[in-house]
Amino acid sequence: MKFGELIPATFVKKGNRFTAGVYLTGGGAATAYVPTTGRLTGVLQSGCRVWLEAAENPERQTPYTLVLSELPGGGLCSVNAFLANRLFKEALERGALAAFPYPTVQTEVTYGRSRLDFRLSNGGAVCWAEVKSVTYAADGVGMFPDAPTGRGRKHLGELEKLAAEGQRASVVFIAQREDARSFAPFEQIDPDFAAELRRVRTARVEVHAYRCTVSTEEVVIAEEVPINL
């Protein structure tokens with residue numbers, strides 16, 4: 001996914017869950033929308049460089065959206081959790097995901113009491129996929145979640161039901177940073193999610209993880225990485 005024009009700034013501090021105070025490189029303080037439900041632990045630190053995009057609606061309360069943050073050890077992290085689905089879809093469409101050879105892509109498909117991210121098909125072959133954005137990493141390991149997620153556990157349960165019906169079901173973790181060379185559940189943050197992920201994997205729910213390459217021009221899925229459960 002290619003970015004439009006990005007505006008450099010310095011991160012000052014989080015406001016509430018979805019806002020951040022920044023100081024524009026061109027001068028002046030501003031408020032930016034933070035497009036994630038996570039905490040961005042280890043990603044946003046006071047004084048770090050960030051990149052913003054201007055809101056399309058000039059009347060919006062937050063005139064900017066936070067797009068990228070420079071990591072303490074170097075490199076960039078795409079902070080928009082909602083991009084993970086788009087990155088997955090773009091990679092599917094260009095045939096870059098060997099594990100998912102499906103030309104037909106449906107998004108936001110209802111199953112049971114949940115709406116799952118993707119229903120993929122190739123003739124009679126079907127795969128359901130739920131995509132999660134990973135922004136936290138330590139020692140080369142990307143981890144999810146960075147905040148407790150009852151919704152995430154619910155989605156794993158729905159995938160388990162699909163697998164029990166004989167359908168292919170997968171949870172896909174996308175690390176929007178380059179230094180995540182493997183993936184593991186974030187046990188200390190949400191031990192219940194970690195336990196559920198291990199359990200549903202034994203019930204034939206597939207677990208896949210990918211890392212991205214990130215620059216101020218674009219973010220794109222680079223490769224699949226190992227899973228450590």
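Coordinate-derived values only; no laboratory data. Remember, it's a predicted structure, so these values are computed and weren't measured experimentally. As a convention, Cβ positions derive from the backbone with ideal geometry for all residues, glycine included, and neighbour counts pool all protein chains shown.
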Check: What distance in nm separates the simple spin-label points at THR107 and ALA138, each placed 7 Å from Cα in the Cβ direction?
Finding: 3.4 nm
Notebook entry, point to check: Hey, got a sec? Which GluC sites (Glu not before Pro) in region 7-78 land in a DSSP loop and have at most 15 other Cβ atoms within 10 Å?
Noted result: GLU56, GLU59
Notebook entry, point to check: Can you list the aspartates and glutamates whose alpha carbon sits under 13 Å from that of LYS132, skipping same-chain ones fewer than 8 residues off?
Noted result: ASP117, ASP146
Next item on the list: Per DSSP H run of n ≥ 4, the term is -39500 (n - 2.57); total these for the chain, divide by its residue number, and report the mean residue ellipticity at 222 nm rounded to 500 deg cm²/dmol.
Entry: -5000 deg cm²/dmol
Checklist line | Which label in [x] 13.4; [y] 12.7; [z] 11.3 gives the computed mean projected area of the Cα convex hull in nm² | finding: [y]
